[in-house]
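Working notes, beginning with the structure itself.
The values are calculated or read from the model by the stated rules, or taken from the named source; none is laboratory data. A quick note: this is a predicted structure, and the numbers were derived from the prediction, not measured. Cβ sites come from the backbone with ideal geometry, for glycine too, and all protein chains shown count toward neighbours. Only protein heavy atoms, including side chains, enter the accessible area calculation; ligands, DNA and RNA are left aside. Shrake-Rupley method; radii C 1.70, N 1.55, O 1.52, S 1.80 Å.
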Amino acid sequence: SESQQILYLAAAILAGQLWPNAIFAQSGQTGAEQQAHGEALALTWLRQRAAGGFRAWDSPHAFAEITVALTHLVDLAESGEVAEMAAVLLDKLFFTLAVNSYQGVFGATQGRSEPWSSKSGRLAPVAGIGRLLWGIGAFNDQLAGVVSLACAHGYELPPIIAQIAADLPEDLWNCERHVSDLEAMLTTNVAGWTVNKVTYKTPDYLLGSAQDYQPGVTGDQGRLWAAIFDPDAIVFVNHPQAAASDGWCGNGVLPRVAQWKDVLVAVHQLPADDKVGFTHAYFPTTAFDEYLLRDGWAFARKGNGYLALTAACGLSLTTQGEYAYRELRSDGRQNIWFCHVGRAALDGSFADFQAKVLGLTVTFAGSTVQANTLRQETLAFGWNAPLVVNGQAQALQFDKHYANPYCVADLPATQMEIQFQDQLMRLDFSASL
């Protein structure tokens with residue numbers, strides 16, 4: 001995996017430094033040769049992530065493993081270029097963590113996820129990193145990244161990133177594009193990859209997704225979208241894999257997803273021979289202050305944040321078994337999930353929110369949906385149709401690497417300027433590209 005690559009390269013570099021004249025049985029190289037080879041490949045890895053981003057986008061597990069490798073390189077690598085690039089990339093990684101976190105939960109969409117951390121942000125490997133760096137998160141038994149960072153002498157988090165992590169603007173719209181065509185130097189049989197992701201964050205919730213990401217193929221580990229209200233009040237939908245040990249990890253068949261700020265649509269097209277035949281939402285009722293199923297919609301409230309969720313094929317709350325009162329199931333191979341989130345500041349009381357949502361026109365027709373929203377907008381989307389808002393087609397692929405109120409960066413990125421209030425920080429990748 002992406003994170004294991006840099007872990008192995010860091011180990012090769014540091015072992016080569018320790019025993020420069022020893023012959024390593026696995027490679028047949030001396031330690032000095034192994035160090036030089038590892039440094040060259042590590043710089044390739046670091047440069048690609050600096051220029052194009054992370055393949056395992058917003059993955060708590062990958063980001064924790066990358067933190068382990070980079071902190072060791074910052075402190076221990078003899079190559080100044082490797083150590084400097086590792087430090088700059090840590091800044092970029094933690095900025096990404098800050099922008100895409102809410103109440104200590106990282107990543108609504110994740111290129112790589114695990115069942116336990118998908119269902120609770122308290123258990124994620126980066127929860128402790130956030131707690132250590134800016135005081136938001138939870139320490140748990142996933143300690144490798146936390147301990148490596150705590151023991152690092154050569155890295156210090158820029159204060160501006162901690163301030164961004166704690167910032168809760170009235171509405172933050174973040175668009176990112178991560179892309180790579182350089183990985184062939186590191187491993188074989190690696191195809192180019194691209195992800196376009198969005199995050200919408202307010203003081204009361206975070207909604208995020210990967211836009212139009214490989215619909216129709218198998219997605220073994222990723223989570224394409226989620227609505228986050230606190231570390232336990234997390235809602236997302238997937239198509240469970242028949243052979244998976246846990247039905248909440250990955251997708252047997254990926255949906256086509258599009259999001260417009262506080263509204264999200266996921267269109268599922270399962271093959272005729274699909275053995276599962278349903279999609280389902282993780283909907284932990286006990287994590288919310290209130291919930292209600294009404295007129296084909298599932299509603300939930302956490303604090304001043306609201307959720308409304310419906311499906312073209314209908315939905316029902318599971319009341320028996322392991323996921324009783326934590327699962328909404330919708331049978332049907334061709335299905336569309338429609339999610340609208342809201343908040344008291346815009347939508348009044350929870351009862352007012354429900355009444356307004358029930359007054360919306362949401363029309364499902366085959367693999368398409370047309371709807372109006374609580375923001376007086378019209379929206380249309382489908383399996384083969386663009387995302388159209390108020391009659392205008394919206395891009396699901398982005399030109400910029402990052403585009404949000406804190407940072408607008410080109411792709412490929414030679415630098416990133418990060419601004420918060422009267423502070424400005426520049427990450428300069430150009431010297432090593």
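Brief remarks follow.
- Every helix of 4 or more DSSP H residues in the chain counts as -39500 (n - 2.57), and over all residues that averages to -8500 deg cm²/dmol at 222 nm.
- Candidates 136, 23, 164, ranked by Gaussian network fluctuation over the chain, Cα under 10 Å, top entry: 23
- Across the protein chains, with a 1.4 Å probe defining accessible surface, the residues 175, 151 rank 151, 175 from largest area downward.
- The chain: relative contact order as a whole-number percent, Cα under 8 Å and 6+ apart: 13 percent
- Set 119/275; 119/201; 201/275 screened for pairs whose C-alpha atoms are more than 27 Å apart: 201/275
- Residues whose placed amide H lies under 5 Å from that of residue 193, excluding near-sequence neighbours: 180
- Using θ = phi - 60° and Karplus 6.51 cos²θ - 1.76 cosθ + 1.60, couplings along segment 70-77 (whole Hz; Gly, Pro as x): 5, 5, 5, 5, 4, 7, 10, 5
- Gaussian network model of the chain, springs between alpha carbon atoms under 10 Å - residue of 410, 273, 352 with greatest fluctuation: 273
- Spatial offset of segment 108-155 relative to segment 276-321 amounts to 28 Å, using the alpha carbon center of each.
- Protection proxy ranking, highest mean first, for peptides 139-150, 115-126: 115-126, 139-150, where packing is the per-residue count of other beta-carbon atoms within 10 Å, averaged.
- Distance (nanometres) between label positions extended 7 Å along Cα→Cβ at residue 143 and residue 116: 1.4 nm
- Springs join every pair of Cα atoms under 10 Å in this Gaussian network model of the chain, and among 101, 330, 316 the largest mean-square fluctuation is at 316.
- Set of aspartates and glutamates with alpha-carbon distance to residue 400 below 19 Å, sequence-local pairs under 8 removed: 58, 91, 176, 181, 212, 410, 417, 428
- Only one of (i) 26, 55, 18, 1; (ii) 21, 51, 27, 1; (iii) 20, 37, 23, 14, 5 was calculated from the structure for P(r) over Cα pairs in 20 Å bins from 0, in percent, and its label is (i).
- For a straight C-alpha distance cut-off of 19 angstrom, the lysines reachable from residue 356 (same-chain residues fewer than eight places away being disregarded) are 261, 302.
- Accessible area per residue, Å², segment 359-413 with all protein chains present, probe 1.4 Å: 51 Å²
- Computed over the alpha-carbon pairs of segment 242-319, the distance histogram in 10 Å steps reads 14, 43, 36, 7, 0 percent, short to long.
- Projected area averaged over orientations for segment 358-433, convex hull of C-alpha atoms, nm²: 8.2 nm²
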